[in-house]
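Remarks on the structure that follows.
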Amino acid sequence: MSKRVAIIGAGCSGLSAIKCCVEEGLKPTCFEQSDGIGGLWRFTETVEEDRASIYKSVFTNTSKEMMCYSDFPMPEDFPVYLHHSKILEYLHLYAEHFNLLQYIQFQVYLSTRHGSWVVSRISRGGFPIDMTMSRRYTMWIKNLLPRMLAAKINEKIMSSWFHHSNFGLEPKFRLKHPIVNDYLPSQILQGSIVVKPKITSFSDTSVIFEDGSVADVDEIIFATGYSTMYPFLDDDIIKLNNNDVSLYKYVFPIYLEKPTLAFLGLVQPLGPIMPTVELQARWATRVFSGAAQLPSVKKMENYCLKSKDIKNKWFGLGRTQVLQTHYIDYINDVSKEIGVHPNMIFIFLTDPRLAWQVFFGPCTPYQLRLNGPGKWSGARKAILTQWERTIKPTRTRVLHECPESWINIRSVLVIGSLLAAIWLLRARCNAGPSGHCPWTTNGASWTKIFSMARTNPM
């Protein structure tokens, strides 16, 4: 039986130790506390506890031919003296060439049956992703477009960060609920996470995947979602079929004699859950108090059938998709039940500044307090100042910048001055003896000057 050897650390020493163990017929297991190889050469912007670190501008003081491993020369195109990033790249090449990563205990296998969209928390301009994507006008456009065209556009948007097919993450259903994770793609790139297809079977120490590959693992975490159960309720009140449940707008049982029971949070909106359940609670309590009424059983049945058909076309038929819904569409649906849905035409006519933010800005919860029962006097101000509160925590370093309005005025003044100077210069040339400007023969020079004035305002 081969002896087992524990190796602490996957730096340049640990990697060579792994290789030597394999060559001698030993069974190495390398324990690396960080999430990547390289040891000292794995530079991070912030110092990690209990780990030595180099500084950002480090270059080697020994040449590449002198410091490489004895049976693995450095690439020919590498510089003679190397920046630390090149050393780390070389260590990755070494580990991959000799298949050393399999002996290191930091790698994670991610098995997925249907794939998933992965989006970053940070959107264009550095703003939160949900505030840039969850807007009324985008949902309005989505509902106007044919479903397949809307799905293609959604796919394009979701892949703007990276091509999911290159990472093995492309979902089976185009409009599958995305996950928000800034960590996953980079970990896949550096090999810390390996994406695999679904698991077909287990052995004592390994898992077998659908593609026939096998991975030795120590622990398995099942992230398969939840099964909804209400053991304290009779089946004739609510029937669950693989998480699917017939509730009017995900809240009220259809067949109760009186509306005395409501379910809150039994929904998966593509958006925030807290304002969703708050709105459900506002609706339920108004129904309980008699201030709001439910439609007839027939109308509720028809609604459930129609909405289920639309939902299945968007999200698919999987067990984890049956409770999914578009956030803005859903809150619009429920807010109309109690008269708190924003009246966009009225707002545009009476308060254009607010209307612009409500329709084109992020669909923040304050919009549900602009009118109707539970109206809040601070809702308008909260909407108009929402970006200030978003940006304030990140502005910990105050820069003395010119106000944007002043920059725009200055640019206009500079461009205007340049255009005036060009006009006067051309008029002077035309007034000359020959009516010809001595330093230009065509209009190209004027175009060039005008272009410079537009693109380089002082």
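The values are calculated or read from the model by the stated rules, or taken from the named source; none is laboratory data. Because the structure is predicted, anything quoted here is derived from the model rather than measured. Counting neighbours? That spans all protein chains shown, and the Cβs are built from the backbone with ideal geometry, glycine included. Just the protein is used for accessible areas: all its heavy atoms, side chains included, with ligands, DNA and RNA removed. Shrake-Rupley method; radii C 1.70, N 1.55, O 1.52, S 1.80 Å.
Please work out which residue is nearest to His83 (Cα to Cα), limiting yourself to segment 31-72 and to residues that are over 33 Å from the mean Cα position of the chain (by Cα) and not in a loop (DSSP other than H, G, I, E, B). It comes out as Phe59. Given the structure, is Leu354 part of a helix (DSSP H, G or I) and at pLDDT 95 or above? Criteria met by Leu354. All of (1) within 30 Å of Thr325 (Cβ to Cβ); (2) out of contact with any helix residue (DSSP H, G or I) (no Cβ under 9 Å at 6 or more places or on another chain) hold for His177 with one exception: (2). With respect to the conditions (1) without any contact (Cβ under 8 Å) to a residue 24 or more places away in the chain; (2) within 17 Å of Gly9 (Cα to Cα), Leu88 lacks only one, and its number is (1). As a summary of the residue check, Leu169 satisfies the conditions (1) at pLDDT 85 or above; (2) more than 19 Å from Ile331 (Cβ to Cβ); (3) assigned to a helix (DSSP H, G or I) except for the one numbered (3).
Among the residues that make up segment 153-162, is at least one of them open to solvent by 80 Å² or more (accessible area, probe 1.4 Å) and farther than 21 Å from Gly125 by Cβ?
Looking only at segment 153-162, we keep the residues that are open to solvent by 80 Å² or more (accessible area, probe 1.4 Å), and these are 156-157, 160-161.
Then drop every residue that is not farther than 21 Å from Gly125 by Cβ, which leaves none.
Within segment 153-162 (the criterion being open to solvent by 80 Å² or more (accessible area, probe 1.4 Å) and farther than 21 Å from Gly125 by Cβ), the answer is no, since none of the residues qualifies.
The lone criterion from (1) more than 25 Å from Ala95 (Cα to Cα); (2) in contact (Cβ under 8 Å) with a residue 40 or more places away in the chain; (3) aromatic (Phe, Trp, Tyr) left unmet by Phe209 is number (1). Note on segment 272-305: among residues that are at negative phi and assigned to a loop (DSSP other than H, G, I, E, B), the one that is most open to solvent (accessible area, probe 1.4 Å) is Gln293. Among the criteria (1) more than 17 Å from Thr325 (Cα to Cα); (2) among the hydrophobic types (A, V, I, L, M, F, W, C); (3) open to solvent by less than 40 Å² (accessible area, probe 1.4 Å), the one Leu149 does not fulfil is (3).
Restricting attention to segment 207-232, the residues being surrounded by 10 or more Cβ atoms within 10 Å (Cβ to Cβ), hydrophobic (A, V, I, L, M, F, W, C) and closer than 15 Å to Leu110 by Cβ number 5. Among the residues making up segment 1-27, those that are loosely packed, with under 11 Cβ neighbours inside 10 Å and modelled with pLDDT of 85 or more are Lys3, Arg4, Ala6, Glu23, Gly25.
The single condition among (1) open to solvent by 60 Å² or more (accessible area, probe 1.4 Å); (2) assigned to a helix (DSSP H, G or I); (3) of a type in the set (Lys, Arg) that Lys258 does not meet is (2). Which residue out of Gly265, Gly212, Gly225 is over 30 Å from Lys196 (Cα atoms), among the small types (Gly, Ala, Ser) and not in a helix (DSSP H, G or I)? Every option except Gly265 fails the conditions. With respect to the stated conditions, Asp182 fails to be among the acidic types (Asp, Glu) and assigned to a helix (DSSP H, G or I).
Within segment 28-45, the presence of at least one residue that is polar (S, T, N, Q), open to solvent by less than 30 Å² (accessible area, probe 1.4 Å) and modelled with pLDDT under 90 is confirmed. Which count do you get for residues in segment 73-106 that are outside any helix (DSSP H, G or I) and open to solvent by less than 30 Å² (accessible area, probe 1.4 Å)? Matching residues across segment 73-106 total 5. Identify all residues within segment 180-200 that are open to solvent by 40 Å² or more (accessible area, probe 1.4 Å), charged (D, E, K, R) and over 16 Å from Phe162 (Cα atoms); write none if there are none. Within segment 180-200, Lys198 is the sole residue that qualifies.
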